[in-house]
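Here's the structure we're looking at; comments come further down.
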Amino acid sequence: MELFPIFALFFLGLPIGSFLNVVIWRLPREESIAFPPSHCPICGAAIKPYDNIPVLSYIILGGKCRNCKAKISIQYPIVELSTAILFALTWPLTGGHIGWELASALVFTGIGVAVTGIDYHHKIIPDELSIGGLVVGLILAPLSAGAWSGLLWAFVAALGGAVLLFLVRVGGQALFKKEALGFGDVKLIAMIGAFVGWRGVLLTVFLGALFGTIGGVAAMIFSREAREERLIPFGPFLILGGLVALYFGEALIEWYLSVFFV
């Protein structure tokens, strides 16, 4: 296995993760992600370049702002390191070569990290990520497939996934007499479908529901806030399901078919 591309993608993921932290903080607050430059949200002091080194600066500063000593959320190094690891994994999981498939995986990963952070904190999924990601996914689909038919199947997957979750949303409202699934999740699954294809989007819905059930039960057990609100963001679980479908979807589907339909 080539190690240089893996390390290169890891170190590329660190500053991308730092940028995604900005997106996670500013996008739901409808602030510009470009201006002003990075600053402490408590005292407003500009963050110097040497204090803005992913992960390392957090450790050196002891998790505190150099200017006002306010505590810096552990989310920052977690997002940076998680993005770096996920970026590094794209190389072996997409076949170990530079191409549109690798580019597609990197884009989906970046969007997924941002969606996870925002939905976790704010219980919303901005259209800039879901609809914007859908457009990018549709553009990349024929390039990754090497044929214009890739665009058609990506569109079918996006539409099919959206219709499926929309029906779940409507059915849940009728059954529970309240919103059981946000419309943001409907748009999110359309975006995921553009990246993972029609079989992958069905697997994503199944895995998202499975992971969401496990995560929801765990949250109810260990989090008083989750028990009181009874509202668990579904977006992160759909993203997790989408990543599994992107990399292992065909193998999982073939295994399932061979076990239950042979």
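All of the numbers you see were taken from the coordinates with simple rules; none came from a lab. Remember, predicted model here, so these are calculated numbers, not experimental data. In this analysis, Cβ positions are derived from the backbone assuming ideal geometry, glycine residues included, and neighbour counts consider all displayed protein chains.
When the Gaussian network model of the chain links Cα atoms closer than 10 Å, the mean-square fluctuations of PRO41, PRO54, PRO92 top out at PRO41.
Grab the Cα-Cα distance for CYS68 and PHE35, subtract it from 0.36 nm times how many residues apart they are, and report the gain in nm with one decimal.
On the way: separation 33, 0.36 × 33 = 11.88 nm, distance 2.14 nm.
Taking CYS68 through PHE35 to full extension adds about 9.7 nm, to one decimal.
For the chain, leaving out every one of the chymotrypsin sites (Phe, Trp or Tyr not before Pro) that falls in a DSSP loop and has at most 12 other Cβ atoms within 10 Å, the longest unbroken run is 1-147.
For the chain, the longest principal axis of the C-alpha atoms and the axis of helix 127-145 are separated by about 60°.
So which lysines can LYS64 reach, going by Cα to Cα under 29 Å and dropping same-chain residues fewer than 8 places off? By straight Cα distance, LYS64 reaches LYS48, LYS123.
In loop segments of region 8-91 as defined by DSSP, the GluC sites (Glu not before Pro) with at most 11 further C-beta atoms inside 10 Å of their C-beta are GLU30. Between the helical axis of 75-93 and the longest alpha-carbon principal axis of the chain there is an angle of about 40 degrees. Given the chain, report the % of alpha carbon pairs whose separation exceeds 31 Å. Percent of Cα pairs beyond 31 Å in the chain: 30.
Given only helices, namely DSSP H runs of n ≥ 4 each adding -39500 (n - 2.57), what is the per-residue ellipticity at 222 nm of the chain, to the nearest 500 deg cm²/dmol? -25000 deg cm²/dmol, from helical runs alone. At an R0 of 30 angstrom, the distance between the Cβ atoms of ILE59 and MET220 translates into a FRET efficiency of 0.35.
Farthest towards the positive end of the charge dipole of region 1-129, among the residues SER57, SER32, LEU106, is the Cα of SER57, using unit charges on the Cβ of Lys, Arg, Asp and Glu.
Over 28 Å, how big is the tail of the calculated P(r) for region 111-262, in percent of all Cα pairs? That tail contains 20 percent of the Cα-Cα pairs.
Here the 3J(HN,Hα) profile of region 202-207, calculated from phi with Karplus coefficients 6.51, -1.76 and 1.60 at θ = phi - 60°, is 5, 5, 4, 4, 4, 5 Hz, Gly and Pro shown as x.
Report Rg(Cα)/(2.2 N^0.38 Å) for region 1-98, keeping two decimals. Don't skip to the answer; put the middle values down first.
Working: Rg = 15.1 Å, N = 98, 2.2 N^0.38 = 12.6 Å.
That works out to 1.20 for region 1-98.
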